[in-house]
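The values are calculated or read from the model by the stated rules, or taken from the named source; none is laboratory data. Because the structure is predicted, anything quoted here is derived from the model rather than measured. Heads up, the Cβs are rebuilt from the backbone with ideal geometry, glycines too, and the neighbour counts pull from every protein chain shown.
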Amino acid sequence: MTTPRGRSRSPCPARSRWRSRAQDDYYGSREALALGYAEAVNEEIRDLFAAGADIVQLDEPYLQARPAEAGHYGVKVINRALEGVTGLGTTALHLCFGYAAIIHERPAGYSFLPELAACDVEQISIETAQSNLDCSVLAALDGKTIILGVIDLSDPAVETPEVVADRVRRALPHVPAPPARARPRLRHEVHHPRGGEREDGRDGRRGRRAAGRAGLAGRRA
């Protein structure tokens, strides 16, 4: 995947996605199994950066689905997957609510999100449109770049720039603004209505126009 600035972004399934589908005949505990998978993910992240990726994003659906387990060892395992990759490139984590075409009802908040302030990832990607997420939770993620999902994938209608801009504005009061480099920046993420991420062409131009109307100039990573 190539971003509008010509940088390459590579998604990578996170450790809990594999652990949740695995039969454990060796490790003896779900935490040990997750840490074992984290080591494999760490090797894959290194390979992706070595191959030229600028950004590697971990896709993580089960932190939200299983918050009790996530609370015990989720951050620990994420940090193991990212161990030693600082400086190789930019790391991101997408916290998934599930496929919009399958999961129609969304809670107003994530079950596991403020806890990610303690993880070593630089960018956190969240969904806000379909769930009408309470964006005040973003204040707890000081120091992280927020990738804000502002397209409702459950609705085939294409949002207008005004609708997208309004969704972006909901987050602005909770994200410290530049120029302080230690504070998080805000990016908009545009998804194609059929489910694939798209930051180019018509959808990308619509998102960039919306970002300008929302007052996001200078807040894109």
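Summary of computed values
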{"item": "For E197: the one exception among (1) modelled with pLDDT of 85 or more; (2) touching a His at 6+ places or on another chain (Cβ under 8 Å)", "result": "(1)"}
{"item": "Whichever residue in the stretch 19-46 is of a type in the set (A, V, I, L, M, F, W, C), surrounded by fewer than 17 Cβ atoms within 10 Å (Cβ to Cβ) and farther than 21 Å from G87 by Cα and, among such residues, is modelled with the lowest pLDDT", "result": "A22"}
{"item": "Breaking point among (1) surrounded by fewer than 17 Cβ atoms within 10 Å (Cβ to Cβ); (2) modelled with pLDDT under 75, for H188", "result": "(1)"}
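Residues are listed down the side, and each one gets a yes or a no for (1) within 19 Å of T145 (Cα to Cα); (2) modelled with pLDDT of 90 or more; (3) touching a Ser or Thr at 6+ places or on another chain (Cβ under 8 Å); (4) assigned to a helix (DSSP H, G or I):
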residue	(1), (2), (3), (4)
F49	no, yes, no, yes
Q57	yes, yes, yes, no
Q64	no, no, yes, yes
A68	no, no, no, yes
G74	no, yes, yes, yes
I78	yes, yes, no, yes
T90	yes, yes, no, no
